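First up is the structure itself, then whatever we jot down about it.
The values are calculated or read from the model by the stated rules, or taken from the named source; none is laboratory data. Everything numeric in this text was worked out from a predicted model, so none of it was measured. Cβ: placed from backbone, ideal geometry, glycine included. Neighbour counts: every protein chain shown. Just so you know, the surface numbers come from the protein's heavy atoms only, side chains and all, with ligands and any DNA or RNA stripped out. Shrake-Rupley method; radii C 1.70, N 1.55, O 1.52, S 1.80 Å.
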Amino acid sequence: MGRNASILVIDDEEIMREILDALLSREGYHVRLAASAAEGIELARSMPFDAVILDVMMPGMDGITALEELKKLDDELPVLMITAFASVETAISAMKRGAFDYITKPFKNDEVLVVVRNAVERRQLKAENT
């Protein structure tokens with residue numbers, strides 16, 4: 001379960017996109033990358049994803065606004081917030097708005113994989129139950 005799941009990564013830092021792409025692809029996930037919130041939301045409109053990894057701090061539309069937009073498209077979509085600023089307020093506001101979980105940079109690869117696996121499993125269980 002969880003293999004071949006599709007993950008959308010939205011982060012304005014190219015190095016972060018590359019790290020997450022390599023990490024998740026190696027685990028067998030299909031990864032799509034977006035360099036901005038607007039680009040990520042367009043991708044989410046055009047195809048289904050099992051989970052989204054979303055950076056909080058981005059130029060233009062920030063991660064919290066993007067989270068709200070993604071939830072309008074698909075309320076069940078698990079969104080994992082990533083931030084370099086270990087701000088508890090941001091974490092709380094993201095969770096209140098329906099984020100699945102919260103990861104701070106620099107993160108451990110295993111930590112990301114566990115959270116993604118949990119998100120995808122929950123997504124697939126919900127899909128099976130509907």
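Considering only region 76-85, state which residues are out of contact with any Asp or Glu (no Cβ under 9 Å at 6 or more places or on another chain) and within 14 Å of Ala51 (Cβ to Cβ).
Glu76
Take the residues in region 37-77 that are open to solvent by less than 40 Å² (accessible area, probe 1.4 Å) and small (Gly, Ala, Ser), then tell me which one is modelled with the lowest pLDDT.
Gly63
Can you tell me which of (1) touching a helix residue (DSSP H, G or I) at 6+ places or on another chain (Cβ under 7 Å); (2) in a loop (DSSP other than H, G, I, E, B); (3) within 26 Å of Ala22 (Cβ to Cβ) is the one Leu54 doesn't meet?
(2) is the only condition that Leu54 fails.
Return the residue satisfying two criteria in turn: it lies in region 78-95 and is among the aliphatic types (A, V, I, L, M) and assigned to a loop (DSSP other than H, G, I, E, B), and of such residues it is least open to solvent (accessible area, probe 1.4 Å).
Across region 78-95, the extreme among qualifying residues is Ala84.
Out of region 1-30, which residues are farther than 23 Å from Ile64 by Cα, outside any loop (DSSP other than H, G, I, E, B) and either without any contact (Cβ under 8 Å) to a residue 24 or more places away in the chain or in contact with a Phe, Trp or Tyr (Cβ under 6 Å, 6 or more places away or on another chain) (or both)?
Ala22, Ser25, Arg26 - these are the residues of region 1-30 that are farther than 23 Å from Ile64 by Cα, outside any loop (DSSP other than H, G, I, E, B) and either without any contact (Cβ under 8 Å) to a residue 24 or more places away in the chain or in contact with a Phe, Trp or Tyr (Cβ under 6 Å, 6 or more places away or on another chain) (or both).
Identify the residue in region 96-130 that is of a type in the set (A, V, I, L, M, F, W, C) and under 16 Å from Asp74 (Cα atoms) and, among all such residues, is most open to solvent (accessible area, probe 1.4 Å).
Ranking the qualifying residues of region 96-130, first place goes to Leu125.
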